[in-house]
Amino acid sequence: MLGRLEFPLEELDAVLAQAGYEHLPINAGHAVAAGGLPRHRADPFDRMLVAQSRVEDLTLVSEDAAIAAHDVRLFGRETAPSANRCPS
């Protein structure tokens with residue numbers, strides 16, 4: 001079930017900063033990595049999340065089977081992905 005955050009949208013940056021989150025801008029390496037992904041998922045936003053996760057060596061939080069089909073580390077998943085990484 002998807003939870004909803006309760007705060008005015010114009011305060012999003014302040015709320016995220018207070019929680020310790022940082023912005024991760026999309027760069028050319030992320031775009032190249034997204035373009036090189038297998039077509040498990042057609043959604044460009046999901047493909048970019050997977051690409052950024054792989055390039056930046058980050059962990060994603062998702063229960064989406066199409067995202068899990070990629071070689072990406074997922075929060076709460078027992079197995080780690082192989083050493084295959086997209087170039088940055």
- Note on the structure: Flagged in region 14-36 as small (Gly, Ala, Ser) and either without any contact (Cβ under 8 Å) to a residue 40 or more places away in the chain or open to solvent by 80 Å² or more (accessible area, probe 1.4 Å) (or both), in numbering order, are 14, 17, 19, 20, 28, 31, 34, 35
- Checked 37, 49, 60 against criteria (under 18 Å from residue 77 (Cα atoms) and in contact with a helix residue (DSSP H, G or I) (Cβ under 6 Å, 6 or more places away or on another chain)); the one match is 60
- Message: Just to be sure I understand the filter: pairs with C-beta atoms under 8 Å, separated by 6 or more residues or on different chains, first member in region 41-58 and within 13 Å of residue 26 (Cα to Cα) and of a type in the set (A, V, I, L, M), second member modelled with pLDDT of 95 or more and loosely packed, with under 11 Cβ neighbours inside 10 Å. Which pairs pass?
- Response: none
- A careful count of residues in region 33-49 that are of a type in the set (A, V, I, L, M, F, W, C) and in contact with a Cys (Cβ under 9 Å, 6 or more places away or on another chain) gives 3
- Note on the structure: Only one of (1) of a type in the set (Lys, Arg); (2) at pLDDT 90 or above; (3) open to solvent by 60 Å² or more (accessible area, probe 1.4 Å) does not apply to residue 39, and that is (2)
- Task: Give the residue that is modelled with the lowest pLDDT, with candidates limited to residues of region 44-81 that are open to solvent by less than 60 Å² (accessible area, probe 1.4 Å) and in a loop (DSSP other than H, G, I, E, B).
- Result: 81
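The values are calculated or read from the model by the stated rules, or taken from the named source; none is laboratory data. Since we're looking at a predicted model, the values are computed, not measured. Every residue, glycine as well, gets a Cβ built from its backbone with ideal geometry; the counts of neighbours run over all protein chains shown. All accessible areas refer to the heavy atoms of the entire protein, side chains included, with ligands and DNA or RNA removed. Shrake-Rupley method; radii C 1.70, N 1.55, O 1.52, S 1.80 Å.
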